[in-house]
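The values are calculated or read from the model by the stated rules, or taken from the named source; none is laboratory data. In this text the structure is predicted, and so the values were computed from the model without any measurement. Neighbour counts are summed over all protein chains in view; Cβ atoms, including those assigned to glycine, are modelled from backbone coordinates with ideal geometry. Only protein heavy atoms, including side chains, enter the accessible area calculation; ligands, DNA and RNA are left aside. Shrake-Rupley method; radii C 1.70, N 1.55, O 1.52, S 1.80 Å.
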Amino acid sequence: MFTQYKFGTPIDTEAIINNVTPSFFVDGEYLSLAADHSILGENKDGYLFELSLDPEDIVYGLGENVRGINKRGHKYISFCSDDPSHSEDKNSLYGAHNFLLISSKARNLGLFFDTPSRVVFDIGFTDIDKLYVYVSSDSLTLNVFSGEPTPEETVRQFRAAIGQSYIPPKWAFGYAQSRWGYRSSEDIRRVYSSYKEADLPLDMIYIDIDYMERYKDFTINRESFGDFESLVSEMKDNGVHLVPIIDGGVKIEEGYEVYEEGIANNYFCKDKDNNDFVVGVWPGDCLFPDFLNDKARAWFGQKYKFLLDMGIEGFWNDMNEPAIFYSRKHLNEVYDKLEDYKSKELDLNNFFDFKDLVSGINNNDIDYKSFYNNYKGTTYNHYDVHNLYGYYMSRGAMEEFRKLTPNKDILLISRASYIGMHRYAGIWQGDNNSVWSHLLMNLKMMPSLNMCGFLYTGADLGGFNCNTTEDLLLRWTALNQFIPLMRNHSALGTRQQEFYRFKNIDLFRNLLIARYRMIPYIYDTFVSCVKTNSMMFKPLGFEFMDDPIAREIEDQLLVGNEIMIAPVVTQNTTGRVVYFPERMKEIRFENSAVTEGNTYEQGYHYINLPLGTTNFFLREGRKIPIAEEALSIDAAFMAQTKIYEY
Ligand code: MIG
């Protein structure tokens, strides 16, 4: 059952698109509304909901976040944030995915707190057996999904309410190489030819900010990418799609078309005095297009035509939380204060004040409260609609793509997101690290994101920040055999991690071939999960609800209805212990060949899985297609398949 409750006069985020008649909230029915907000140390505005958690309750959900599949025991804050350190203690990443699913034998309760402002989910943090949800706005739509016998059915109800997920073009299921640091057409050609010389497949190259002229959206740096158009078509002839980045901020520069048009039409965000709100992002001083405003959003979406006309068919929208390096206003205040410090001795107290002053310049709450958006004809303080910004940037782009290229699917991924954006784009999971715990986090985020409608998603394979190692990269590639968005991406200054740079190129090749062999299953499962509002990646507890061990497994997943995966996620191990909730048969990929392995009875078993090999486990009575060997995504879709059954 889907019940909707409205508190105050909620802002319609257009996350929920099927119509329901709102009911009156009966306090205590599912959640109770607490009078005393002090428990969370928040101010008194907004709402505080409370629910007791039973020991058996698993709390699933919250999409893109740190920690476990079971979210109990931490505080999470929905406030889209550009934070490149995804450590366990963090409360927010780039997305705001306010859906929780409380699941036990006794109940399966889905709660979607639909509001574009900040929401705190205190899940057994303040009190180990309590869920507190604090909504910082005076308005909210609370959507409750209840009465279903399984977590999967509950998710399905929710997903039906938020509408069908985005399906990218087929080639977007291939393998992508990316790096912040490809500076010229020659760099791109070198990546391509190095893959080719090493006999390694490659389907996409993502291009980062250096292709633009001084980081201005919808420009080309002609000094380093002089032949951009021919590069695009040459790469396409080679079977490689180029995917350029687009950033949220527009550079202030006289004569720059995007800036001039935005100014002329009033499309940029303003401060309280109706002056342009100047922020620093990549190009220096910038303005934020008001993506919440229908006209501004459509205008910006049309701008992508500049690149579509050059043959580009895919984009990644970055920095759209929006990330703010500084605001002009705050920066000037900081400069003034720094002047004062000059004459002072920095004792213990004012040294730390001084340090905070400078380190607090970026992504500062004061800045997020200092500009305005115009949404559906009403002006809102940005803070109150913050979580919609990336959603509407990407929505605007896709809505215009659907007009500009009605017969062609365009690839689009976004960094920031809110539920609702899943209908228009996928997401990548932001700036992770080249560490083993983030390989596991990649796995854990898949079901949480799938619950919230994000099916086309993946993390930076190999890790973005820090230096990767060959073994980590091999294990990460193995996990990615099944992940829809498979992109090797890394940060400027880190160790280069293109596969051809390592010793065991054959192993990387075998893993890519193993990926292609799974394409028929991956793609069909993906599309059918989109159409039936199902999850492609499921925690074991979704299927084996009566098995207390299965319910606690956080490093194995079901992929579709037929198979289970249990990748190796620890260093210096040649295998791992796998829990089998039921009897299954192993299918292995070794030296690019598929072999049928052992069958395993219910229980724990040690599975040997050396570097560069992968496997999955076929459930009893199920069958899946595996393609003949292919060396590109296009070939994988055309390849003959053989059915493997158990
Ligand atoms: O402040 O464009 O998440 O993928 O390589 C960093 C440079 C800006 C953040 C993105 C990352 C990208 C990087 N960007």
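Observations
- Ranking LEU558, TYR47, ILE633 by Cα position along the charge dipole of the chain, where only Lys, Arg, Asp and Glu carry charges on their C-beta atoms, puts ILE633 farthest toward the positive end.
- Under the convention that each Lys and Arg Cβ holds +1 and each Asp and Glu Cβ holds -1, the size of the dipole of the chain around its Cα centre is about 1260 debye.
- For region 307-462, the equivalent ellipsoid derived from the alpha-carbon gyration tensor has semi-axes of 37, 22, 15 Å in decreasing order.
- In Å, descending, principal axis extents of the Cα set of region 435-508: 38, 26, 18
- Summed side-chain charge close to GLY621 - residues other than GLY621 whose Cβ falls under 13 Å, Lys, Arg +1, Asp, Glu -1: +1
- Per residue solvent-accessible surface (Å²) - region 541-646, probe of 1.4 Å: 45 Å²
- When each of the peptides 306-312, 471-477 is scored by how many other beta carbons lie within 10 Å of its residues on average, the order from highest to lowest is 471-477, 306-312.
- Across all C-alpha atoms in region 513-636, the radius of gyration and Dmax reach 14.6, 43 Å.
- Square roots of 5 times each gyration tensor eigenvalue, C-alpha, region 6-109, largest first, Å: 23, 19, 17
- Potential lengthening between VAL20 and ILE549 on full extension [0.36 nm per residue; Cα-Cα distance subtracted]: 186.7 nm
- Rg then Dmax, both in Å and based on the Cα atoms of region 308-387: 18.4, 59.
- Along each principal axis, Cα extent of region 7-48, largest first, Å: 35, 23, 14
- Size descriptors for region 109-240, from the alpha-carbon set: Rg then Dmax equal 23.6, 62 Å.
- Bridgeable lysines around LYS403 (alpha carbons under 17 Å apart, same-chain partners fewer than 8 residues away excluded): LYS295, LYS303, LYS305.
- Theoretical gain in end-to-end length, LEU348 to ASP138 [0.36 nm per residue, Cα-Cα removed]: 71.6 nm
- Whole-number accessible area per residue in Å² for region 24-90, which is evaluated in the context of all protein chains at 1.4 Å: 44 Å²
- In this simple spin-label approximation, LEU33 and GLU56 carry label points 7 Å from Cα along the Cα→Cβ vector, and these lie 3.1 nm apart.
- Sequence-distant contacts, meaning Cα pairs under 8 Å at least 6 residues apart, place the relative contact order of the chain at 14 percent.
- Entries of LYS71/LYS369; LYS236/LYS376; LYS90/LYS408 with Cα pairs more than 31 Å apart: LYS236/LYS376; LYS90/LYS408
- Average silhouette area of region 490-576, convex hull of alpha-carbon atoms, in square nanometres: 8.5 nm²
- In this label model, GLN640 and THR150 are separated by 3.6 nm, measuring between points 7 Å along each Cα→Cβ vector.
- Euclidean distance between Cα centres, region 606-646 to region 121-177, Å: 31 Å
- The listed peptides 446-452, 537-543, ordered by packing as a protection proxy, come out as 446-452, 537-543 (highest mean of other Cβ atoms within 10 Å first).
- Computed label-point distance, nm, for sites GLU223 and TYR604 using a 7 Å Cα→Cβ extension: 6.1 nm
- Farthest positive-ward along region 373-510 dipole, Cα basis, beta-carbon charges - from GLY390, ILE410, ASN510: ILE410
- Summed over qualifying helices (DSSP H, 4 residues or more, each -39500 (n - 2.57)) and divided by its residue number, the chain shows a 222 nm mean residue ellipticity of -8000 deg cm²/dmol.
- Residue-count net charge about THR532 - beta-carbon cut-off 10 Å; Lys, Arg +1, Asp, Glu -1: +3
- For region 279-369, the solvent-accessible area of protein heavy atoms averages 47 Å² per residue (probe radius 1.4 Å; ligands and nucleic acids excluded).
- log10 of Debye I(q)/I(0), alpha-carbon scatterers only, for region 371-424 at 0.23 Å⁻¹: -0.88
- Taking 0.36 nm per residue of separation and subtracting the Cα-Cα distance, full extension of the segment from ALA106 to LYS355 would add 84.5 nm.
- Centre-to-centre separation between the Cα atoms of region 237-251 and those of region 48-92: 32 Å.
- Take the Kirkwood radius over Cα pairs of region 186-274, plug it into Stokes-Einstein at 20 °C and 1.002 mPa s, and you get 141 µm²/s for translational diffusion.
- Average silhouette area of the chain, convex hull of alpha-carbon atoms, in square nanometres: 29.2 nm²
- Hull volume per residue, based on the alpha-carbon atoms of region 77-118 and their convex hull, is 78 Å³.
- Net charge in the neighbourhood of LEU455 (other residues with Cβ under 14 Å of its Cβ; Lys, Arg +1, Asp, Glu -1) is +3.
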